Amino acid sequence: MVPFPGVEFPVIFGRTKSVNALMEAFDKDEEESLVVVAAQKEAQKDNPKPTDIYPVGVVCRVEHVVRVDGTVHAAFTGLGR
């Protein structure tokens, strides 16, 4: 999946680190609920290093967060590269 500015898209989170980062962003007021979404080069790595992440991402607003069966589903709107 490649996120684009101006497009809403879903993401499913399972890693504790990722869920914690998402919840920290989402718990702020709407104007501050921002994250950077960047693709991981190898999805199988559980603890990626900065070199394992592509250098270009999209700044996104966290729109919705729902916990489902041990995972967290979130919807984002891309704002810009």
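The values are calculated or read from the model by the stated rules, or taken from the named source; none is laboratory data. What you are looking at is a predicted structure, and each value in this text was computed from that prediction instead of being measured. As a convention, Cβ positions derive from the backbone with ideal geometry for all residues, glycine included, and neighbour counts pool all protein chains shown. The area values use the complete protein model at the heavy-atom level, side chains included, leaving out ligands, DNA and RNA. Shrake-Rupley method; radii C 1.70, N 1.55, O 1.52, S 1.80 Å.
A compact table of results
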{"read-out": "Contacts under 7 angstrom Cβ, first residue in the range 2-13 being among the small types (G, A, S), partner buried (at least 17 other Cβ atoms within 10 Å of the Cβ), 6 or more apart", "value": "G6/G78"}
{"read-out": "Residues that are open to solvent by less than 90 Å² (accessible area, probe 1.4 Å), outside any loop (DSSP other than H, G, I, E, B) and either over 26 Å from D69 (Cβ atoms) or at pLDDT below 85 (or both), drawn from the range 33-45", "value": "L34"}
{"read-out": "Residue match in the range 46-68 (condition: small (G, A, S), closer than 18 Å to T16 by Cβ and either assigned to a loop (DSSP other than H, G, I, E, B) or open to solvent by less than 30 Å² (accessible area, probe 1.4 Å) (or both))", "value": "no"}
{"read-out": "Hits in the range 1-32 (condition: modelled with pLDDT under 85 and under 13 Å from L79 (Cα atoms))", "value": "P3, F4, P5, E31, E32"}
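A quick yes/no check of all residues on (1) out of contact with any strand residue (DSSP E or B) (no Cβ under 8 Å at 6 or more places or on another chain); (2) under 22 Å from E8 (Cβ atoms):
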| site | (1), (2) |
| --- | --- |
| K41 | no, no |
| P48 | no, no |
| I53 | no, no |
| E63 | no, yes |
| V68 | yes, yes |
| A75 | no, yes |
| G78 | no, yes |
